[in-house]
Amino acid sequence: MLSLLRSLGRLVLLGACLAIASQLQAQLSTSSLQGFALPNGYLSPQGDSVLRPVPLRKLSVNGYYRFFGYGRNMTTPYPNLSPFEKTAGVGDGYREPMLSLFVSGRPNSKSSFATELFFFTPYAGNFEDNVFTMNLGLNFYGNFRTRLGKFGVRAGGIHWYAMSPMTMGILQIADRYSIFDRTPWEGVDGTDKYENYYNTGAINQDLRWNNRAFQGLIVEGGSLPGNMSFAFLYGKAQNNGGLQQAQTDPLATIIQPGIAGNIPTYNGFSGINRSLPSSFTGFRLKKNFGKNFISYNTVYNRNRLDSIKDVFQTYAVHTLEYNFNAAGINISGEAGAGNFTIPGQDTRWGETALLKIQIPQKYTYLPFEFQFYQISKNFYNDNGEVQTFSNPEIQNASTGPNQVGQASVAGALVQVGQFVHNRRGINLNTEKSFGPLKLNLGWGISQEIDTLSSELSYVHRVNGLALSRVYNPFPAGATGPTVVGPYNRVFTFFRGAYELVRLTDVDPGTIAPLTRKHFQALDLQAKFKTNLFNRPLYLFYLGSWMGASSTLKPLPGFGEDVYLQAQYHEIDLYYELFPNFILTGYWGVEYIKGGRDTEWDLTTQQPRNQFGRGLALGFDWTVSENAAFYIRQRFMKFEDASFPLDRYQGNETTIELKVFF
Amino acid sequence: MLRTKLLLRAICCGLILIVLGTSELSAQTEIPKNLHINGLGRTLIQRTQLGGTISETDTTTASDLMDGEFLLDLKINATPNEKTEVQSILRLRNEFGGFFGSGMSVEVRELFARGIVGNSFRYHVGDMDLKMTPYTLFQHDAGLNVNEAEIFRARQELIDYEQFYNGDGTRRMQGGKIDFGLSAGAIFSEINISGFFTRVRGTDFFSLPTRFVSGGSIELKNDRWGSITGNYVNTFDAVSIGGFDNGIRNPVQTVSANIHILDNDNMALDFEGEMGMSSIFETQETEPFDKDDTFAEGAFKLDLKPRNLQITLGFRDVGPDFFSIGAQSNRVDLDRSRTFYSRIGNDRTTRQASIFDLNRDRALYTYALSDVLRPYDPRFGNTQPYGRATANRRGVFLNVDYALADSAIELGAEAMQMQEIRGQGTTELKSFTLARVTGDININRWLGIDNILKVNLGYQFEQTQRGGVEIETVSLNSSLLDAGIQAELFDNFDLLAGIKQLTSVGDDYIPEVIRFNEVRDFPGRYIVDDNETMIAAGFRYRFSSMSTLNIQWERFNSSRATDAERAYQIDQIFILYSLYF
Amino acid sequence: MKKYLSLLLFISVVITACQHQTDPFDGPNLIDRFGEFQLTTDIAASRNSVDFSADEQVFFTAGFSKNINWVLRITGKESGAVKIIEGFDRELNQENATWNGTTSDLPLFRDEECLVELIIPEEDSLTTSVDITVTGERIYEGSLITNFEEDLGDGLFFGNFEFELTGATGRTNAIPAGQGEYCYFFEGTDNVVGNFFVGLIQIFPSVNGETYFSMPTTIPEESHFNFFLYGDGTPHTIAVIQFFTDTNGDGTFTDGVDKSFQLEGDFPVTHTGWKVFSHTMADIGISEAELSQLTAVQVLLISNMSAQPNPPNPVRFGIDYMTFTQDQPLSL
């Protein structure tokens, strides 16, 4: 019966189809192909219910191509460099794009997006090592205006952001650095770079230069009632980012690969950090009074240490930042407190106070800037301007004695204006011009608040960049800092290297320091410009003299109470030989002398006595408005008269072609 | 993999060329008229915490998860001339927490070309969204919301976008299609013909033959009395590719009709229906699987125009052996593990998929075709777990839609009474009763204010019954409540809140299906006394109609009377910034 | 008018499309799957004694409250022979529970008392039983070479050339035979001449009063040789069976002259208890003419010295019921 009915059903269906077919047949004689006028939207992007058919009409696109090649010959290398004494390659070892394509769009007046595509090829003769990805990430922006004020939202990241020196920011040391070596993010601007440096100390730098990397959500409000503004951040700062053990291939996250309809789930891309959620939160409330302002700033950083138990390591900073101008005198600074919590220990609070007074030339013969500061050992913030590596208790609990890429440890010898916690001190800056000669002087002394450091550190300024290119501080899968040299006391970081000095006047049982450290710093910079054969010639000198001692001293020096002194003398020379062709030269020496109470060499029975030299020549050749070649040839030599194994010598040639569009 | 790399390289080069070729080294690039760039930008940061009874003893599960993503889909659409179009979506993605290059990926999400030949034939090659009828090729929705609260839609829209769900039943496929029309004469004013051929699986030359889906339709239109359409779709394995012994064939042919019975200023009466048959069989010679069956559906639609009242009364009959891969493949695959808290408790048992997971977890969804009926959860829907094409159902349905003239209130009601045609494990038949009411109350229109103040409500009750001796009896009652409020506190700044609650009490037998739709066994009586509640509150700012920022808190509670120790709670906070352009 | 015709046509089609296959239901019967089990009728045999040699059969009856998996295990109280009958039914009856004397596991049943057990595995192996008596064991088809029930006399040559066979070697009932009461047992150690060979017997057609072994068919492809081998699970034992054909046509076995055939690979004896082996005579490469003139079957005990320790362990096996069948192997 059923089969009969099914057959009947089939027959009827067949009948229906035949009827349709016969109708079709009947029609075809009189029918014609129906012409399609292009329907609206037919050729608009597919999925219009989701993506708006009205396309983006403007796209902001710019970027640069940067070829960076190098050849190196370390004639006297540190041990274990073999077989890489002689090498040549492409790329400076850091993650820098060869082609950076910055793409941004503003779909409407309230929203925009931006990203930076990253392309790199080592020109190794194959495709496998080529890289096509994003450089820093994806940024989204939204803004809106209400009766209350203007509001902005930044989502995604990396956002380069700063709030205040003590909460979120990076120190800007006036202009006391050599500009001979180019940074990857520098522009193509001929002599303007040197002219600007001569005039203002500022050179064309990338946004990231004076901000901290942040991912997440930033909400800002401005023009609020009562001249108020605010900023709120929630997300991750660099220190609590990271994706350990993460899946990296989207195709590997597809369930049932090979069957249409299954797309990447991205499951596992977060790695174990997903279950160790760490975050960074910030808030700033600012009140403006004309040119003056006062603001409350706070950050809270939480690192989760255990995926199951509620075990956290946190730090928080609360400050008031102020800036007042009266009768030409500027008084600014920041004061507050921070705390740090280590599992199993009570939360510890520490104060921070910074006062800056700028007195114009009209009151004194010279313009002066005084800086008074006191920063507790318990003030910790690895996203602020203050170097907070000096408290071993915090350092060991947070990152270990030394983390990858860290720029110093313990009691660091720093330039004038660089703040370090567990110190109180005073800085003085002044400047004077004598015709084309511009001088500026910085002087600072400080002392430890608590006797903490049994170690000191100082930077190898002259050849540090070249050394960090030989020994990459961020090798793939790095789990610790890159340690260099026969005595395992030199550490490389991003574009630099520093050295650790162990003190000997310590408690032999606990290795605890016995004496409080005092630090001195003197920076002298001279900038001179003249015309030679009607072409500009720039001559820059930068000298730094830094020291640490067991007694309070106005200047670094010699003597039994001196732990360490470091001198740096650098001269930059730039001369426009032909239009758009600039000869460049660099000569630098550094002299580091260890004191009696620092480690001695076992054979010579002498403390450090280091002398480093760097001599470099090259040229900048601007071949068109946006394109230039930069050639640098550096000869470097370093030796320690007391530690005979601590020596290296070599030379490095770098070729950079940069094209902006 | 290599192919993907090369494709990426090609697209990226294309992007650069497009950009450089038009940028004239200037920051602001005027995009040429024949180049369309659209896309999506998204920032998602979410924090999920596990709590509740099970956490008191659970020493093996992470209590707190935090992840997120930032992604940009750049849709580059080029129309070199008015009859040709090429489109690709390039996805740039960065995992939250990945700094300076880690966690970044670049993918090709879509690529197709389409156009018009001779002003007559439309063609489309590559990725495409296809839909025929609910019984041939159609992707029915998950049916897990009844007028869902606005606050829950942000996550649902994210899943819909990721899975290419366009809300109209289309299914994302890859292949080619063509359609054209004939303007005819006396009887049929228009004859529309379309056909497609897609590949849904490539062979591994070992165990899986290449699988294709092809089909087409012929629509005969008459301006006065409606249209009748013949539809055909066939899912089949190309056994000759790779030399396989066995493959499947699943042809489905139907005839659908839309007949205008009456249409005047006061009312319109239409008849809509579809009927047809399916076959499913294997090509192997030993013990081949071979089944066929028929279905039919017819409904009268009455539109009382002055009253804004639409009433639909219909009948549906889908045979027990009716099998249509293109129509019965669920978009939710409950067999997949969750991407968060997939296993909880010290015994690491799998956590049952919940209404929270279905709103949160994109990995549970797919648009893949399945040659075996995917498992379903009777708590979520027992009457039609596979949509209208659910086999072994016969019954009537009634839909009523009503709206006040000013749309201050919009009401909807749906009722369905279905019964099995063939018993499962017994000659006794299950009966299914489904009742659903929805309502949107636009309070601001009552109050005469511009800012949105809207309450939406939805309630669904479903009952499954079967008689017989004790072993055979089944009684399962499930109810789903959706309620929400949207209050525009300031211009474009909304306060959102909502609740979704699923209650399910009773028992049923869930068949274990093998080979297409063959019931192999009933693992055991499925006894439930479950309560799942999801509440949420948050804010949303609408920068524009295509750009929003949501900051939401959600709490989900799951309790099962049959397993009280495993009751758990999930708290979630997420930030979602969406930019469509 | 057309629209109403179309509507009518469509609705009529819809009605015809509503007819479906509704019987039987999908999946297993729920009552069988989850219903309560009760033994409504205890097991019973259709007769107390059965003579299989007279083509008699016995069937068993029992009744359950639902369909369920059941196992009928018949055990020979003397031979230890076991017959298993399984099913999924509501009752045992002549269709599903009839025994014709065959066996599932060697040895073969004898004339003996048998225990018949009905086991329901899903009900904690619920077991109920009944006894029956076999008064005549089943007679299997085929041409028997020997079952060692009688002394073979001159029809058997015992070759212990290297004096490596022990006294346990010979026709014996010390171990339960594969069929009947007697079998032939080999035991020895290859410790005199380390050449793998331990000992042999030769069986001649004279045991059946014939010149050549008779068999159902002399077509090698259709002629199956079957025998039972006994092992005790000890390693290194290999049984070799060779067939000799009357090469010189003298009607008797002439050692070194008559051509021999054997199955490649022989028979490693690693199993425990009795096991039936079968192969076609085509498998040993013998022709129809040669097969029609078999003058001897030689059984050798080989010690696998390449795997033996030093000193080597003893090796042993038993053999019984050597028979030829036609078209198919011996069906137990």
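Please treat every number below as a calculation from the coordinates, not as lab data. These numbers were taken from a predicted model, which means no experiment stands behind them. All Cβ positions, glycine included, derive from the backbone under ideal geometry; neighbour counts span all protein chains shown.
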Exercise. Report, ordered by chain and residue number, the lysines lying within cross-link reach of residue A:86, taken as a straight Cα distance under 23 Å and ignoring same-chain residues fewer than 8 apart.
Key: A:637
Quiz item: Any idea how far apart residue A:362 and residue B:205 come out in nm if each label point goes 7 Å out from Cα toward Cβ?
Solution: 8.7 nm
Quiz prompt | Separation of the residue A:67 and residue A:147 label points, Cα + 7 Å toward Cβ, nm | solution = 6.2 nm
Practice problem: Determine the relative contact order of chain B: mean sequence separation of Cα pairs under 8 Å and six or more apart, normalised by residue count, in whole percent. | Solution: 12 percent
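Quantify how much of the Cα-Cα distance distribution of chain C extends past 24 Å, in percent.
Values: 35698 of 54946 pairs.
That tail contains 65 percent of the Cα-Cα pairs.
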Quiz item: For chain C, with only Lys/Arg (+1) and Asp/Glu (-1) charged at the beta-carbon, what is the dipole magnitude about the Cα centre, in debye rounded to 20?
Solution: 1340 debye
Self-check item: Residue range of chain A that is longest and free of GluC sites (Glu not before Pro) which are both DSSP loop and sparsely packed (at most 16 other C-beta within 10 Å)
Solution: A:129-559
Quiz item: When the helices in chain A are scored as -39500 (n - 2.57) per DSSP H run of 4 or longer and the sum is shared across all residues, what 222 nm value do you end up with, to the nearest 500 deg cm²/dmol?
Solution: -2500 deg cm²/dmol
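Per residue of B:54-61, how many C-beta atoms from partner chains lie within 10 Å of its own C-beta, taken as a mean? Working shown, then result.
Details: counts 0, 1, 0, 0, 1, 2, 2, 3.
Mean partner shielding for this stretch: 1.
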Exercise. Answer with one residue from A:301, A:268, A:285: the one whose Cα lies farthest towards the positive end of the charge dipole of segment A:268-309, charges on Cβ with Lys, Arg +1 and Asp, Glu -1.
Key: A:285
Practice problem: For an R0 of 35 angstrom, estimate the FRET efficiency from the Cβ-Cβ distance between residue A:432 and residue A:578 and round to the nearest 0.05. | Solution: 0.55
Practice problem: For every other residue with a beta carbon closer than 10 angstrom to the beta carbon of residue A:264, add +1 if it is Lys or Arg and -1 if Asp or Glu, then tell me the sum. | Solution: +1
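Distance check, please: which entries in B:177/B:301; A:356/A:438; B:221/B:301; A:150/A:291; A:150/A:356; B:131/B:221 exceed 27 angstrom between their Cα atoms?
B:177/B:301; A:150/A:356
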Self-check item: At most 15 other Cβ within 10 Å, DSSP loop - chymotrypsin sites (Phe, Trp or Tyr not before Pro), segment A:496-546
Solution: A:533
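If the chain between residue A:488 and residue A:526 were fully stretched, how many nm would it gain, using 0.36 nm times the residue separation less the Cα-Cα distance?
Values: separation 38, 0.36 × 38 = 13.68 nm, distance 3.56 nm.
Taking residue A:488 through residue A:526 to full extension adds about 10.1 nm, to one decimal.
With +1 assigned to the C-beta of every Lys and Arg and -1 to the C-beta of every Asp and Glu, and no other charges, what is the dipole magnitude of segment B:179-271 about the Cα centre in debye, to the nearest 20?
On the way: 6 positive and 10 negative charges, 79 e Å.
Here segment B:179-271 has a charge dipole of around 380 debye.
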Self-check item: Dmax and Rg, reported as Rg then Dmax, of chain B (C-alpha, Å)
Solution: 25.6, 82
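FRET efficiency for residue A:123 and residue A:82, Cβ-Cβ distance as r, R0 = 25 Å, nearest 0.05?
Working: r = 25 Å, r/R0 = 0.99.
For residue A:123 and residue A:82, the calculated efficiency is 0.50.
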Exercise. Determine which aspartates and glutamates satisfy two conditions relative to residue A:362: a Cα distance under 14 Å, and not lying fewer than 8 residues away in the same chain.
Key: A:431
Exercise. May I ask you to list the residues of segment C:97-131 whose amide nitrogen lies under 16 Å from a point 7 Å from Cα along the Cα→beta-carbon direction of residue C:78?
Key: C:107-115
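Under a Cβ-only charge scheme (Lys and Arg +1, Asp and Glu -1), can you give me the dipole magnitude of segment A:489-608 about the Cα centre, in debye to the nearest 20? Mind dumping the intermediate values first?
Values: 12 positive and 13 negative charges, 63 e Å.
Charge dipole of segment A:489-608: 300 debye, to the nearest 20.
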Practice problem: Output the relative contact order of segment A:475-572, whole-number percent, from Cα pairs under 8 angstrom with separation of 6+ residues. | Solution: 19 percent
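Rank the residues C:132, C:74 as a footprinting-exposure proxy: fewest other Cβ atoms within 10 Å of their Cβ go first. Spell out each step's value before the answer.
Details: C:132 19, C:74 25.
Ranking C:132, C:74 by Cβ neighbours within 10 Å, fewest first, gives C:132, C:74.
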Self-check item: Peptide A:155-167, shielding by other chains (average Cβ, 10 Å cutoff)
Solution: 3
Practice problem: Return the aspartates and glutamates within reach of residue A:287: Cα separation strictly under 20 angstrom, same-chain partners fewer than 8 residues apart disregarded; answer none if there are no such residues. | Solution: A:220, A:321, A:334
Quiz item: Under 20 Å from a point 7 Å along the Cα-to-Cβ line of residue A:510: which residues of segment A:377-397 have their amide N that close?
Solution: A:377-379, A:390-397
Exercise. Using only Cα atoms, locate the centre of segment B:429-498 and the centre of segment B:336-403, then give the distance between them in Å, rounded to an integer.
Key: 18 Å
Quiz prompt | Helical contribution to [θ] at 222 nm, DSSP H n ≥ 4, -39,500 (n - 2.57), averaged over chain B, rounded to 500 | solution = -2500 deg cm²/dmol
Practice problem: Quick one: of A:110/A:286; A:517/A:593; A:236/A:377, which pairs are farther than 19 Å apart, Cα to Cα? | Solution: A:110/A:286; A:236/A:377
Self-check item: Cβ-defined net charge surrounding residue B:297, 10 Å radius [Lys, Arg +1; Asp, Glu -1]
Solution: -1
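Residue separation times 0.36 nm, minus the C-alpha to C-alpha distance between residue C:278 and residue C:157: what's the value?
Numbers: separation 121, 0.36 × 121 = 43.56 nm, distance 2.36 nm.
That pair, residue C:278 and residue C:157, stretches by 41.2 nm at full extension.
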Exercise. Pop the C-beta distance of residue B:287 and residue B:446 into the FRET formula with R0 = 45 Å and round what comes out to the nearest 0.05.
Key: 0.10
Self-check item: Label-point gap, in nm, between residue B:81 and residue C:310 - each point 7 angstrom along Cα→Cβ
Solution: 9.0 nm
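Tally Lys/Arg at +1 and Asp/Glu at -1 over every other residue whose Cβ is under 9 Å from the Cβ of residue B:422; what's the total?
Values: positive: none; negative: B:321, B:420, C:23, C:26.
So the surrounding residues net to -4.
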Quiz item: Among C:88, C:136, C:41, whose Cα sits farthest toward the positive end of the charge dipole of segment C:31-137 (+1 at Cβ of Lys/Arg, -1 at Cβ of Asp/Glu, about the Cα centre)?
Solution: C:88
